[in-house]
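Participant: Pasting a structure below so you can have a look.
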Amino acid sequence: MTIEECIAQMLVPHHPFENPQTHFESVTNATADDWLRLLDKIPLGGICIRKPPSDELKLELEKIQNHSQIPVIVGSNIELGSSSPARIMNENTPGTEVLDYASYSPSMMAFAAANDPDLTYETCRFIAEQRRSYGYHWTFNPVADLNLNFRNPITNIRSLGDDTETVLTHAAAFIRGFQDGGVMAATAKHFPGDGTDERDQHLLTTSNHLNLNDWYQTYGLVWRTVIDSGVSAIMCGHIAFPAYEQQIPDSNHTLPATLSKNLQVKLLREELGFQGVVISDASPMTGLTSRVKASDRAIENILAGTDMCLLPETIKDYGFIKNAVHEGRISEEIIRDATKRILELKARLTLHKDPFSASPAQSSQGNAKRTINTVSDKSITLLRRGNPEPRKLKGDENVLFVNVFSKGPFSNSNLEPLANSFRNEGCSVELLENPTDMELRENLPNFHSVFVNVCHVPMSGSFDQIGAGFGQTLWRIAHMFHDNVAYTCFGTPYVLAELPHVPNMLLSYGASVPAQEAVAKVYLGKLEPKGMLPVKEPDISWQNILR
C-alpha cells in the first residue's frame, strides 16, 4: 500500500460532502453515489453511519463495498435505547416488518438495574447479528464510564452506573455479546474516563478529577477488564487526566486524551497493554477544536497515538496529514503501524470474505424481543415508596397523564405505549404536556388517578437534571388536592435531587417501548418493581450543602 492509501485508512467520516449545507442534510441525505465520489478521491478506511438499518441502506453499503478495493469498515453509534424504535421493512416478505433491536432495547443503565449479565450478553448478541446482516461492522460502544458526578451531562443513563464491579461486569458482557464469533467490533469509551466532571466535552475540554490511587481502583479496573475481554477498539475522549500527567516532567496536564501521547501511549498502550485500534471521539467537538488549530487537529491527534480519526473534515484533513508525512512531522512508521492495526481488525471481522451476513432467523427475532422485554421488566426500580402509595389501577378508571419534558433534541415525550397499555385494560387516558397552573387546576379534579411522567435525559450541553419549569410544575401537582398521584421518571436516576418533595417515584431509565410497557405492568398490578439502583442517590442534605 502507498503511504497515501494508508493515511486514507485512518479516516472515519460520517458524510461524503466537502461543504455540506447542514449537518442534518449531510448525515441523512448522503447516497451511495455521493460516497463513491469521495472514495474515488480518498479510499477511506471506514465510514460512520447515522441511519437506522434498512434494506435501502444495505443496498447502498453493498455499492460502497463493491467499489472499494479494501473493505470499508462501517461504524455506528449503536447506543441501546437511544431513539424511538425503528421498524425495518422485510424485503423477503413484502408488507412485513422487523424490529430494530438496538432502538427497541432499554438504556445501558437499565441493563445494570436488571443486574443480569447474561441478559446483557444475549441482547447484544442479537443486536450484533442483526446489524451485521445490514452491513454494520463496528459499534462505538459500550460506554465504560463511571457515573461518579450526578451532574455530569454526558453519562447518566448511557452509563452502567457508579459501581466499579457493576460497570466492568456488564461492559465485558456487552463486548462479548457484540464480538463473539467475529460478528462485530465493540469500542469501549471514553478513555481515560468520563463521569467525574459536570461539564460537557462538546463545549470544552473536560477532566477526570480523580487522584491516581482512586483512578486505578475504579476506572483503571474497568479499562483492564475491557482490555482483557478483548475489546477491539478504545475511544479516547476529549478529557484531561491531570493526576497522571502531573507525574511526568514537562507534561501539559490540561491536554485532552485525544492530544496526549502520555495518556494514549504511556498509559493505555504501554501500562494497560492495549494492542487494538484507538479511535478519537468526534473531531468537531469543542473539547478538541478549542485546543489546536484546524490544520493541526488530525496531525496532533495522530502524533498522540490515535489510529483512526472520527468525523474528520475528510478532504482537508487528508491533505494536512499527507503534507505532515511528506514534511517529516509524522513518520511513515506511525502511519503504517496504525494501518496494520486497522487491517487486522478488518481481517478479524472477515470483511474481505463477506462484509454482510445472513439475516437472523425468525425464531431468533422472537427470542430477541422476549429477552429485551425481560430486561425491561427486571430493571424497573422503585426509587421512592410514598405515603400514600399510588394504588393499583382497577382497569376502568379515568386517568390523566401529565407529561413533563424538556424541549430539545434528546427529549422524548411519546408515551403512547404506556397510554395504550392502560387503555387495553379498560382505562380512559387523557394527557397534558407541560401544563400551566390553570390547566392543572381545571383538570385534576376530573380524574380518578393522575400519572406525572418526567421525561428527561441530560445529554450533550444540558446541565440540569430537570429542565426549567419542571420543579415548579411538579411541586404544584404534589401539593394540590388529589388522593392518587403517581410519579414516574422515564430517564435520569437522579430525579429526586431536584424534586425532593415528591411523595413517590418509579424509575424506568428511559422511555423505550418495553420500558413503558413494564411501567404499565407495575401500575396494573402485574409486576413488582425489583430493579437495582445502579447509582448512589446524591447527598442533597442541608448539612452537605453547607459544608
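Only the coordinates and a few stated rules stand behind these numbers; no lab work does. Since the structure is predicted, the reported quantities are computational estimates derived from the model, not experimental observations. In this analysis, Cβ positions are derived from the backbone assuming ideal geometry, glycine residues included, and neighbour counts consider all displayed protein chains.
Participant: Taking only complete DSSP H runs, can you tell me which helices of the chain stretch 30 Å or more along their own long axis by Cα positions and average at least 1.6 on the Kyte-Doolittle scale?
Facilitator: none
Participant: Related question: Compute the relative contact order of the chain as a whole-number percentage, counting only Cα pairs closer than 8 Å that sit 6 or more residues apart in sequence.
Facilitator: Taking the mean separation of contacting Cα pairs over the length of the chain, I get 17 percent.
Participant: Determine by what factor the alpha-carbon radius of gyration of the chain differs from 2.2 N^0.38 Å, reporting the quotient.
Facilitator: Its radius of gyration relative to the 2.2 N^0.38 Å reference: 1.00.
Participant: Also, quick follow-up: Just tell me which lysines come within less than 19 Å, Cα to Cα, of residue 58; anything on the same chain fewer than 8 places away is out.
Facilitator: List returned: 346, 353.
Participant: Can you order the peptides 173-182, 210-219 by their average number of other Cβ atoms within 10 Å per residue, highest first?
Facilitator: Per-residue mean Cβ counts within 10 Å order the peptides as 173-182, 210-219.
Participant: Given +1 on the Cβ of Lys and Arg, -1 on the Cβ of Asp and Glu, and no further charges, what dipole in debye does segment 235-299 carry about its Cα centre, rounded to the nearest 20?
Facilitator: Dipole about the Cα centre, nearest 20: 180 debye.
Participant: Let me ask something else about it. Would you please give the residues with an amide H less than 5 Å from that of residue 159, counting only those at least 5 places away or on a separate chain, with H modeled from the backbone geometry?
Facilitator: 109
Participant: Given the -39500 (n - 2.57) contribution per DSSP H run of 4+ residues, what per-residue ellipticity at 222 nm results for the chain, rounded to the nearest 500 deg cm²/dmol?
Facilitator: It lands at -10500 deg cm²/dmol.
Participant: Taking other Cβ within 10 Å of each residue's Cβ, how do 109, 438 sort, fewest first?
Facilitator: By the 10 Å Cβ count, ascending, the order reads 438, 109.
Participant: Could I ask something else about it? Of 111, 191, 320, how do they rank once you tally other Cβ atoms within 10 Å and put the fewest first?
Facilitator: Ordered from fewest to most neighbouring Cβ atoms within 10 Å, 111, 191, 320 come out as 320, 191, 111.
Participant: Leaving out same-chain residues fewer than 8 places away, which lysines sit with a Cα under 25 Å from that of residue 536?
Facilitator: Output for residue 536: 189, 378.
Participant: May I ask you to order 226-236, 510-520, 371-381, 248-258 by the average number of other C-beta atoms within 10 Å around their residues, highest value first?
Facilitator: 510-520, 371-381, 226-236, 248-258
Participant: Could you tell me how far the Cα centroid of segment 282-322 sits from the Cα centroid of segment 200-253, in Å?
Facilitator: 20 Å
Participant: Hey, if you put +1 on the Cβ of every Lys and Arg and -1 on every Asp and Glu Cβ in the chain, which of 364, 127, 256 ends up farthest toward the positive end of that dipole?
Facilitator: Highest projection toward the positive end goes to 364.
Participant: Based on other C-beta atoms within 10 Å, arrange 539, 307, 34 from fewest to most.
Facilitator: 539, 34, 307
Participant: A further question follows. Can you order the peptides 136-145, 273-282, 122-131 by their average number of other Cβ atoms within 10 Å per residue, highest first?
Facilitator: By packing density, highest mean first, the sequence is 136-145, 122-131, 273-282.
Participant: With only alpha-carbon pairs counted, each pair once and no self-pairs, how large is the Kirkwood hydrodynamic radius of segment 154-303 in angstroms?
Facilitator: 15.6 Å
Participant: Where both residues lie in the chain, what percent of DSSP beta bridges are antiparallel, nearest 5?
Facilitator: Within the chain, antiparallel bridges account for around 15 percent of the total.
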